[in-house]
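Below: the structure, in structure tokens.
No lab work stands behind these numbers, since they all come straight from the coordinates. These figures come from a predicted structure and were not determined experimentally. As a convention, Cβ positions derive from the backbone with ideal geometry for all residues, glycine included, and neighbour counts pool all protein chains shown.
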Amino acid sequence: MKTTRRGFGTIALGAAVGAISGTSVFSRKAPAQTRANHANGVYDNGIIQLNQNESARGPGPKTMDAMHSHTTKRVGRGYSPDHVNELRQGVADYYNISTDNVQLATGSTPLLQGSVRAFCSADKTFVTPMPTYSTSLSTARKLTQPKIELPLGSDLGVDLDSLANNGEGAGLLYLCNPNNPTGTVHGPDAVEAFVRRVMRENPDTYIHIDEAFY
Ligand SMILES: Cc1ncc(COP(=O)(O)O)c(C=O)c1O
């Protein structure tokens, strides 16, 4: 996942431990359940929810063993793991950018929420295609920030022109690429052209590019 913007080139790495700090992996009866069924303790015959990385089978036994034997307080499990600064430095060196432009988090959810909090406000709209991954939109809703939801194109892909057309007065444009849940993807040239257009036409508008599935 990448938050791309001049002066805010944030590369977000969800530490592997992020995946196991949530509850779903350890509640083995509950992978891929609808939220309602999960809340009600119904563990089968539910509609499978496929838009949030769940595997209907859950992790295999070897994966579970490895996670149990390697997860300690020192590698996460609710607290920052060791070597965060070294990792941050390593990422900055790799991309030849300042560590100020590298933000790490356990999973990408805090970063998705953070960019909405940072760049949207009562007069800075949050703009998103829909359907797409909805953490950012949920955050904007919770904060009662103004928001625009744009329909996908007829191919179920994100309409980059429409997103850019709504850049004026926006605080943040959200682009999920590949788009979850439709699985459509824009290549680097199209994404770069989109980013350059927004930077040119609306230099105060930020773009959050979520490449969780890239
Ligand atoms: C597109 C997309 N972005 C972000 C996330 C959140 O990822 P994380 O579990 O690392 O917070 C997901 C999870 O399914 C996702 O599908």
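Annotations for the structure displayed:
- Label-point gap, in nm, between Thr109 and Leu87 - each point 7 angstrom along Cα→Cβ: 1.7
- The Arg57 and Asp204 beta-carbon pair, evaluated with R₀ = 35 Å, returns a calculated FRET efficiency of approximately 0.15.
- With the biggest extent put first, the Cα atoms of the range 59-120 measure 41, 29, 20 Å across the principal axes.
- The calculated FRET efficiency for the pair Thr72 and Glu168, based on their C-beta separation and a Förster distance of 45 Å, comes to about 0.35.
- Stretched out straight at 0.36 nm per residue, the stretch from Lys142 to Asp100 would grow longer than its current Cα-Cα span by 12.3 nm.
- Rounded to 5, the percent of DSSP beta bridges in the range 113-193 classed as antiparallel: 10
- Working note: Cα gyration tensor of the range 108-210, eigenvalues times five, square-rooted, sorted largest first, giving semi-axes of 19, 16, 12 Å.
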